[in-house]
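Report on one structure; see the data block that follows.
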Amino acid sequence: MLKRYLLAPGPTPVPPEALLAMAMPIIHHRSPDFLPVLDSAKKGLQWLYQTKNDVLIICSTGTGGMVGTVNNFFSPGDRALVVNGGNFGERWTKICKAYHLGVREMKFDWGYAVKPAEVEEALQRDPSIKGVFVQASETSTGVYHDIRALADIVKKYENTILVVDAISALVAHDLRMDEWGIDVMIGGSQKGLMLPPGLAFIGVSEKAWAFAERATSPKFYFNFRKERESLAKNQTSFTSPVTLIIGLNESLKILQAEGLESAFARHEKLAKATREAVRALGLEMFSKESPSNAVTAIKAPAGIDGQEIYKNLRVKYGITAAGGQGQAKGKIFRIAHLGYAGTFDVITAIAGVEMVLKGLGHPLKLGTGVAAAQELLMVQEEE
Ligand SMILES: Cc1ncc(COP(=O)(O)O)c(C=O)c1O
């Protein structure tokens, strides 16, 4: 038997409480049994999103939330400014183009974060831009984009909304929807929320709802105004993914017991310990600045294929981490510390990386990275 460890940036492990709750018999989504379930999920998501506005729940993966966002708030021909410093930035471009938006790409090297001043300049130069599209955590590069700074800029433009793909950032980073002025924020179930894949969440500001009234892109399944009406009645427009929503309530309960600030601090600490270990091992971070709290991207040492590291971790030691995507494939490997993650997930990942690298002929002293992480993760007396 090879014991398995899931340390990928999604799907992430599901806590036993949520697994057990999802093993209960199916209830009917139009029966009175379901109304309090959805009501509780709705309120829990507002807490997590730090918003008084609606957070829609749709049955799709995160990408469905991204597609629905383009359909519901924009029309063919609308101008979009896409922040593209990674695989998921590229996805925004592809979706916007598929729905005939006019895309102005702000493209920069992978591993770097967007410069908010450049977004401001672009908006000044082209006031017809209707939406700024960005990732909070660009999962492919392990970079966090400064959403607060972007929100500060975009809120000055009456005819522009800020659309944030927070699919891998939610729970790992503090994202204050109302206080900062984020207009649309998309999440997914299989990341920080510690659930199986299958749910997307979309937080929507009042400013964005006004855009939805004017948007003419065709839509049917992802009809957010219709979902908003259903949500007001504690329903979803189509058959509700009842099992996942029951699981969602369990995950939210766990997070509420932990507290939002503590959840952010936990992710920050795990990410920091991972980076300390990487440094101690003499490896190079792929993200040159603003590292994400959700996932750490590490350059494969010279002469070693990043995919080999990923493959060896999985095949030899049962650790499913992640390789590189797109142009970073073969050059990097990634370790997540997201969702149901704690001290010994980081220790396991680093120990595995050390054993794999040594096995592949990279010179290192076993335990160097682990010790660096341990120093940071040890519980101090005063904690
Ligand atoms: C930042 C980001 N955006 C979008 C997605 C796509 O989400 P899904 O695979 O759930 O459609 C992911 C998933 O890896 C992601 O990390």
Checklist outcome for this item: Placing +1 on each Lys and Arg Cβ and -1 on each Asp and Glu Cβ in the chain, then taking the dipole about the Cα centre, the residue among Q235, H337, N223 whose Cα reaches farthest towards the positive end is N223
Checklist entry - Which ³J(HN,Hα) values in Hz, rounded to whole numbers, follow from the phi angles of the stretch 285-301 under the Karplus curve 6.51 cos²θ - 1.76 cosθ + 1.60, where θ = phi - 60° and Gly and Pro get x? => result 5, 7, 6, 7, 7, 6, x, 6, 7, 8, 8, 10, 9, 10, 6, 6, x
Next on the checklist: What are the equivalent ellipsoid semi-axes of the stretch 1-114, built from the alpha-carbon gyration tensor (square roots of five times its eigenvalues), in whole angstrom, biggest first?
Outcome noted: 33, 23, 13
Checklist entry - Assuming R0 = 30 Å, what is the FRET efficiency of R214 and K107, from their Cβ-Cβ distance, to the nearest 0.05? => result 0.55
Checklist entry - DSSP loop chymotrypsin sites (Phe, Trp or Tyr not before Pro) in the stretch 220-282 with at most 11 other Cβ atoms within 10 Å of their Cβ, which ones? => result F220
Checklist outcome for this item: Computed for the stretch 236-380: size of charge dipole around the Cα centre, +1 on C-beta of each Lys and Arg, -1 on C-beta of each Asp and Glu, debye to nearest 20, value 420
Next on the checklist: Need the full-extension length gain, A232 to R30, defined as separation in residues times 0.36 nm minus the C-alpha distance. One decimal, nm.
Outcome noted: 71.3 nm
Checklist entry - Taking the Cα centre of the chain as the origin and placing charges on Cβ (Lys, Arg +1; Asp, Glu -1), which of I153, A265, V134 is farthest toward the positive end of the dipole? => result V134
Next on the checklist: Can you compute the helix-only [θ] at 222 nm over the chain? Use -39500 (n - 2.57) per DSSP H run of at least 4 residues, normalise by all residues, nearest 500 deg cm²/dmol.
Outcome noted: -13000 deg cm²/dmol
Checklist entry - So how exposed is R314, as accessible area in Å² (1.4 Å probe, rounded to 10)? => result 80
Checklist outcome for this item: Stretched fully, the stretch from T63 through Q307 gains (0.36 nm per residue minus C-alpha distance, one decimal, in nm) 85.4 nm
Checklist entry - Cross-link partners among aspartates and glutamates for K97, C-alpha distance below 16 Å, same-chain residues fewer than 8 apart left out? => result D78, E105
Checklist entry - So which of K272/K358; K94/K329; K130/K191; K42/K288 end up more than 26 Å apart, counting from Cα to Cα? => result K130/K191; K42/K288
Item to check | Nearest-0.05 FRET efficiency for A257 and Y221, computed from C-beta distance (R0 41 Å) | outcome: 0.75
Checklist entry - Around G188, which amide H atoms from residues at least 5 apart in sequence, or from another chain, sit under 5 Å from its own amide H, with H modelled in the peptide plane? => result F201
Next on the checklist: From Cα pairs below 8 angstrom and at least 6 apart in sequence, can you work out the relative contact order of the stretch 170-214, rounded to a whole percent?
Outcome noted: 35
Next on the checklist: Suppose a student asked you for the relative contact order of the stretch 17-98, using Cα pairs under 8 Å spaced at least 6 residues apart; what percent would you report?
Outcome noted: 15
Checklist outcome for this item: So, with points 7 Å from each Cα along the Cβ direction, the E289-E118 label distance in nm works out to 0.9
Item to check | Relative contact order of the chain, pairs being alpha-carbon contacts under 8 Å that are 6 or more residues apart, as % | outcome: 23
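The values are calculated or read from the model by the stated rules, or taken from the named source; none is laboratory data. Every value quoted in this text rests on a predicted model; they were computed, and no experiment measured them. Heads up, the Cβs are rebuilt from the backbone with ideal geometry, glycines too, and the neighbour counts pull from every protein chain shown. SASA here: full protein model, heavy atoms, side chains in, ligands and nucleic acids out. Shrake-Rupley method; radii C 1.70, N 1.55, O 1.52, S 1.80 Å.
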